[in-house]
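Peer 1: Here it is, the structure, as structure tokens.
The values are calculated or read from the model by the stated rules, or taken from the named source; none is laboratory data. Keep in mind that what you see is a predicted model, and the values were worked out from it rather than measured. All Cβ positions, glycine included, derive from the backbone under ideal geometry; neighbour counts span all protein chains shown. Heavy atoms of the whole protein, side chains included, go into the accessibility calculation; ligands, DNA and RNA do not. Shrake-Rupley method; radii C 1.70, N 1.55, O 1.52, S 1.80 Å.
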Amino acid sequence: MNKISTYFRESYKELLEKVSWPTWTQLQQSTVIVLVATMLITLMVWLMDLISSSILHFIYSLLG
């Protein structure tokens, strides 16, 4: 039981003294970067889906 309380005590101390928290500006910039990257990846996946769907429809029209 002593090890568990020591773990929580040291974890709390580390959060207060050793962790460097981002400023509000840094947090906003990181959020914008994540949102832009998410939109770009979504667009890429949508385009790949559209292209593959068109190719498959073309192939199916040739076969049937």
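Peer 1: Using the Cα centre of the chain as the reference point, and only Cβ charges (+1 on K/R, -1 on D/E), how large is the resulting charge dipole? Debye, rounded to the nearest 20.
Peer 2: The calculation lands at about 260 debye.
Peer 1: Carbon and sulfur: what percent of the chain's accessible surface (1.4 Å probe)?
Peer 2: On the chain, the fraction of accessible area on carbon and sulfur atoms equals 72 percent.
Peer 1: Might you tell me the accessible area per residue for the chain, computed with a 1.4 Å probe and given in Å²?
Peer 2: For the chain, the solvent-accessible area averages 101 Å² per residue.
Peer 1: Please list, in order along region 27-34, the HN-Hα scalar couplings obtained from phi with the Karplus expression 6.51 cos²θ - 1.76 cosθ + 1.60 (θ = phi - 60°), rounded to whole Hz, x for Gly and Pro.
Peer 2: Computed from phi, the couplings for region 27-34 are 5, 5, 4, 5, 5, 5, 4, 5 Hz.
Peer 1: Please work out whether the chain counts as rounded, prolate or oblate from its C-alpha gyration tensor, where a ≥ b ≥ c are the square roots of the eigenvalues and a/c under 1.5 means rounded, while otherwise a/b larger than b/c means prolate and anything else oblate?
Peer 2: oblate
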